[in-house]
4 protein chains.
Amino acid sequence: MFFASDNWAGAHPLIAESLVKEASGAAAAYGTSDLDRRIEERFNQIFQREVAVFFVGTGTAANSLALASVARPGGVTFCHSEAHVTADECGAPEFLTGGCRLVPVEGPGGKLDPTTLAAAIDRYPPGAVHQGRPMAVTLTQATESGTVYSLAEIEAIGEVARANGLPLHMDGARFANALVALDATPADMTWKRGVDILSFGGTKNGCWCAEAVVFMKPDMAADMPFIRKRSAQLFSKTRFIAAQLEAYFEGGLWLELARHANAMATRLRTGIAASNRGRLAWSTETNEVFAVLSKDAATLAESRGARFYDWPVPQELPNLLGENDKLIRLVTSFATTEDEVDRFVDALG
Amino acid sequence: MFFASDNWAGAHPLIAESLVKEASGAAAAYGTSDLDRRIEERFNQIFQREVAVFFVGTGTAANSLALASVARPGGVTFCHSEAHVTADECGAPEFLTGGCRLVPVEGPGGKLDPTTLAAAIDRYPPGAVHQGRPMAVTLTQATESGTVYSLAEIEAIGEVARANGLPLHMDGARFANALVALDATPADMTWKRGVDILSFGGTKNGCWCAEAVVFMKPDMAADMPFIRKRSAQLFSKTRFIAAQLEAYFEGGLWLELARHANAMATRLRTGIAASNRGRLAWSTETNEVFAVLSKDAATLAESRGARFYDWPVPQELPNLLGENDKLIRLVTSFATTEDEVDRFVDALG
Amino acid sequence: MFFASDNWAGAHPLIAESLVKEASGAAAAYGTSDLDRRIEERFNQIFQREVAVFFVGTGTAANSLALASVARPGGVTFCHSEAHVTADECGAPEFLTGGCRLVPVEGPGGKLDPTTLAAAIDRYPPGAVHQGRPMAVTLTQATESGTVYSLAEIEAIGEVARANGLPLHMDGARFANALVALDATPADMTWKRGVDILSFGGTKNGCWCAEAVVFMKPDMAADMPFIRKRSAQLFSKTRFIAAQLEAYFEGGLWLELARHANAMATRLRTGIAASNRGRLAWSTETNEVFAVLSKDAATLAESRGARFYDWPVPQELPNLLGENDKLIRLVTSFATTEDEVDRFVDALG
Amino acid sequence: MFFASDNWAGAHPLIAESLVKEASGAAAAYGTSDLDRRIEERFNQIFQREVAVFFVGTGTAANSLALASVARPGGVTFCHSEAHVTADECGAPEFLTGGCRLVPVEGPGGKLDPTTLAAAIDRYPPGAVHQGRPMAVTLTQATESGTVYSLAEIEAIGEVARANGLPLHMDGARFANALVALDATPADMTWKRGVDILSFGGTKNGCWCAEAVVFMKPDMAADMPFIRKRSAQLFSKTRFIAAQLEAYFEGGLWLELARHANAMATRLRTGIAASNRGRLAWSTETNEVFAVLSKDAATLAESRGARFYDWPVPQELPNLLGENDKLIRLVTSFATTEDEVDRFVDALG
């Protein structure tokens, strides 16, 4: 009953198999092999336009290097106050952009609100050297709260960014989960709505380690080969990342795995809602579930082998918990089984 | 006939198998799983003392973060002028140490010379704020020139470092190749000779992606968890690195693979020396061979499918080449076959 | 009628004279002259203990280098949300600390609240590598809101810092104004209340350019000579800074100038409060006055030659302004005259 | 008998007087006053074109921020191996460019040699991500060796830079001394010969603290306001720098002061050459003199009050010194007197 995080899972057998297949033979290093090229091409198809793709090792690297590619002296990036870049990356975005700042912006449901965002940007009048200057907007899809921006919501954020001359970055650590939740195409959810740079994550959805920075306009990527190398993210055997993605994309495996994870979350939500031992903290649409449990129920579940994280109560929901309650986060993955879900619900009491 | 680099090879089947085995099941992320712990323990045994181990994704990361762990304002690190840190890492050590400098020091055979090193350090008198101040010495074992420091040579460098109060780092991207060339133990080649921090490389010797920073004195590693995370090198599924290393160490596989690579290089050296179509540029002791070929012979070999790199002539050997000659580098790996070597020698003319 | 900022003023005649006196003669450069030493000694007397003093060129430099001296990988510094370091320094503290983060904390009256501060620090549990880790607390005395921390308030913040093992930095750009407002000694207002490092500002109080980082415990300053030099803040003719401070301290000039500036602010507050054309936005204790004016009155005053800045309404006072009001900031200085104050009040309508 | 450095001198009386004049009155801060604007205009006249001027506090800041303005990820700057940027700035150029590298290039007489420079740049083939990539060339005029690049020599370096698409920076800490030595105009010595960015130094030639970064093409300076501010080099009372430069330029004072310093150096060279107690190490053309003295003569001179620095022997002159000799550097300034020079020569024996 592992619901701590989707990165506690291993790798899908087909992805493992693809890695094994690449074990033999020799090929050019540092991202120049035929396989690397082939997967880069695959991204063009998936996004229905020519994109520039840079494989990196971690989601933190993808986010940080994406922001480094648009960094400028005195630059500030606007993000949601609960975004992974600001909450969970130990200052890597600041460090790897050479000291640029993240400005947290509040918004309900883990999502940036376009009006609040615009107001935050307006606090930086052009030429005001003392405050610094806007350099980017970043949003997370799916969010850290398990919610999903609708296409219209992404577009609204994209319009604020464009009106201010700012590139829009999407942290897509759970890109596939959001995509299938919306039943949208990758193009729909990105450049058609104003997204310029995407952190494309495969690790949480069945790969071992497969992340990429995807530039929707390749000419924005001119410095990226050097940014990646000087940040120690150019792997010599990059084809081990490419090989994972080959299997990941093959026959739509990635979408299938995300659908499974989301479905398991739905089952979990249903189970919790139907039980009388807990309730949903808020509604979610992907593979994350936030539940309010009594402390006793939580302790019991843990004693029965359930693994999950306690979660801080969002500022916007100050009255969420009763005195003996706690908020927990449950994450399903490609590897979660129906049985595991059902056992968890049973374990609550 | 792939001799371009040992990182053009894939992965050893046993290492691939170990990865597949880890594909199923769930485990704690970010380096806290049982497997991670077990492999860390394994390093203790291998180095015959308690060490602190940090898995990272690339050799450049290992070197840069090792230096970052001893960085201080105005700090300079002394390295050989042909060392990977200064010649091939796009400034990553400077960037990831927050702007510290690498000072190249000349020495024959790709090795630091203790006297020259001591003289270079002496140019930084204590308290001389204008020049900056020494912060570390780094040497590469095996060197970029295919040579190996003897244990006494490492000790001599270690003494210069210690006399100046400087930590000694070893870039061990080809640690195993050097180890078997010297028939030494890991302890012999590191802390017993004054090495404080090691970049332990597995990628070039049969892994896909398995590098580690190893601190011989764990209390030097206090900042390292944060250095690694803010540099985007903390993998969520670190156990995929640990799994590779599990197979790598099992039954001494790593030493066996290095012995094979070195043996193939010996065969290559013998073949070239015996041919009348080229000669060895200098004597090497590991899996790198440097040969002087006529340009015609080199072109012919390439047309027959041989892959290798042209190499710049070392400053210390200004008369190495005749008018129609070129210097090339050939690297063997765990995957190189005797047949491949023999075909290369045949291909020269 | 210049009330835009105290840094619009020139320099006090005695300070100008001291500079002229130093124009002739030669002396050792880079802070090693007799005069430099003498002024460093003077700081020891002023602070009633041995301190380490580093002259720098700007207040932003003093703050940034003070924080750089306690920086560590993944480090975060807690400051008030309106503090100069976060609101007005274009990311210099982040840049010059190598990418460390400033975490803004709310508090009424421009002051950190110890309970809120402690709660903010508690969000960083020891060893939690994802969030980063606390490295310092910084407070501003006098604050950007014109208020002053009482000695007990500084002590309370100092206790929170100490309880968390964090150094406490004080941004003293208006140190003298606070000192005379409290009628305290420098020792009282700093190390006796838990302050470890002080940005000591002279520029806003009658110098041209005289700032210093003062370490209350000299052994915390071991890296500072290198931090200052690599940040391009070691002036060759540092004695031009020392000469300013010589006159600044002579006969208590600095305290006299600060008393004058504060007295002019009191006169201004009295004048505005007594007029029926504006009111004080909140009570202040130093040389800054915040007033609510009708937009018409503000426009009129500007047309009559008054210079001041519009100011953003603090989050905690959402209902401060009526529909036709604006909030302005007025700053007096050592050079402000009674006549200037009176003319301003007259100019309002 | 102060010949340690031209930054041991104070300030010229007319410059001191100009500062005093600016002490009274109020003016807009942060470089926006009328005086600031007027001096910026003055630079346009001096350079016979529209330039962009940024006042900063130190020569190290001018050099570092000039390079920061053309920095890019993985960037390397080519400089002479004895240049101030690499020999005397404690890594500030590396730190303030976010980790870019300085590559030292050898050349006789302290000057870059165009052929050697071109060869050094050629070691960075376009797109070679591992080595990094060229970002700038910097030369020092006058050099650290007391020599001066002829206009043709600057042009030759400029051509190498242009052929490689690189901006050319000139470290002009002793700009005036070189200018009068060549009897050239500022335009002749800079943009007409390919210089793009100049560190314009006034401090060593009679100012207290007056340095500027001058962009010959203002559109290269778009980021510079932010670079300067985030590096803590935007002074609030910048007009104290402008006031110094006002007097410095008035009536050609700056050229007169430089001519005087150079003449004193000529007198010193003549005196040493004519004495039988020392000899010139090499010929110089500005206000620096390098002399070979017997150790006894040097000790005697010091005991009689002479102040100078020992100097390392250049690599290119391995046989410069006899067994009992030492190499010393003597620097004259605007404040050096004939009497001081003559007493020094007498003091040698």
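Summed over all non-identical Cα pairs, the Kirkwood treatment of region B:254-347 gives a radius of 13.5 Å. Once you reduce region C:174-188 and region D:276-349 to the center of their Cα atoms, the two points are 51 Å from each other. Looking at region A:13-64, the trypsin sites (Lys or Arg not before Pro) that sit in a DSSP loop and have at most 16 other Cβ atoms within 10 Å of their own Cβ are A:49.
Quarter the surface of the alpha carbon convex hull of region C:197-315 and you get the mean projected area, 11.2 square nanometres.
For region B:155-217, the pair-distance distribution built from all alpha carbon pairs, in bins 5 Å wide starting at 0, is 4, 19, 26, 25, 16, 8, 3, 1 percent. Describe numerically, in nm with one decimal, the distance between label points set 7 Å from Cα along Cα→Cβ at residue D:49 and at residue A:280. Each label point lies 7 Å from its Cα, and together they span 6.7 nm.
Over 26 Å between C-alpha atoms is what I'm after, so list which of C:295/D:21; B:111/B:192; C:192/C:237; A:192/B:229 land there. Before the final figure, lay out the partial values.
Numbers: C:295/D:21 37 Å; B:111/B:192 19 Å; C:192/C:237 33 Å; A:192/B:229 33 Å.
Violating the 26 Å limit, Cα to Cα: C:295/D:21; C:192/C:237; A:192/B:229.
Per-residue mean of foreign Cβ neighbours for C:216-224 is 1 (Cβ atoms of other chains, 10 Å radius). Estimated from helical segments only, the mean residue ellipticity of chain C at 222 nm is -11000 deg cm²/dmol, where each DSSP H run of four or more residues counts as -39500 (n - 2.57). Only alpha carbons enter this Debye calculation for region D:29-171, each as an equal point scatterer, and the log10 of I(q)/I(0) it gives at q = 0.08, 0.17, 0.18 Å⁻¹ is -0.24, -0.99, -1.08. Spin-label model, residue B:34/residue A:119: points 7 Å from Cα along the beta carbon direction are separated by 5.2 nm. Annotation for region B:268-349: trypsin sites (Lys or Arg not before Pro) lying in DSSP loop with at most 15 further Cβ atoms inside 10 Å of their Cβ are B:304.
Quick one, could you list the DSSP H helices from chain D stretching 30 Å or more along their long axis (Cα atoms) with average Kyte-Doolittle hydropathy of -0.5 or above? Qualifying helices, which must be both long enough and hydrophobic enough, are D:253-274. Over all other residues within a Cβ to Cβ distance under 12 Å of residue C:339, the charged ones net out to -2, with Lys and Arg as +1 and Asp and Glu as -1. Here the convex hull built on the C-alpha positions of region C:219-277 has a volume of 175 cubic angstrom per residue. Legend: Rg and Dmax of the protein assembly as shown, from Cα coordinates, 33.0, 105 Å. Report the residue, chosen from C:258, C:83, C:281, that carries the largest GNM mean-square fluctuation when chain C is represented by alpha-carbon nodes joined by springs under 10 Å. Comparing C:258, C:83, C:281 in a Gaussian network model of chain C, the most mobile one is C:281.
Select from region A:88-115 all residues whose loss of accessible area on going from the chain by itself to the full protein assembly reaches 30 Å² or more (probe 1.4 Å). So the qualifying set is A:88, A:90, A:94, A:95, A:96, A:98, A:99, A:101. Note on residue A:326: aspartates and glutamates with a C-alpha under 15 Å away, same-chain residues under 8 apart excluded, are A:296, A:302, A:310. Label-to-label distance, residue C:303 versus residue C:152, with points set 7 angstrom from Cα along the beta-carbon direction: 4.9 nm. Considering only beta bridges that DSSP places wholly inside the protein assembly as shown, some 55 percent are antiparallel. The antiparallel fraction among DSSP beta bridges confined to region C:12-252 stands at about 35%.
With a Förster radius of 51 Å applied to the C-beta separation of residue C:41 and residue B:321, the computed FRET efficiency comes to 0.20.
Solvent-accessible area per residue in chain D equals 33 Å², computed with a 1.4 angstrom probe and all protein chains kept. Chains C and A together bury roughly 1300 Å² of accessible area, counting both sides, with a 1.4 Å probe on protein heavy atoms only.
Region C:158-211: which chymotrypsin sites (Phe, Trp or Tyr not before Pro) are DSSP loop and have at most 13 other beta-carbon atoms within 10 angstrom? Passing sites in region C:158-211 do not exist. Based on the Kirkwood approach, the hydrodynamic radius assigned to region D:152-259 is 15.0 Å, with every pair of different Cα atoms included. Summarised as an ellipsoid, region C:12-252 has semi-axes of 30, 20, 15 Å, derived from the eigenvalues of the Cα gyration tensor scaled by 5 and square-rooted, with the largest first.
The values are calculated or read from the model by the stated rules, or taken from the named source; none is laboratory data. In this text, all values refer to a predicted model and were calculated from it rather than measured experimentally. We place every Cβ from the backbone using ideal geometry, glycine too, and count neighbours over all the protein chains shown. Side chains are part of the model used for accessible areas, which takes the heavy atoms of the whole protein and leaves out ligands, DNA and RNA. Shrake-Rupley method; radii C 1.70, N 1.55, O 1.52, S 1.80 Å.
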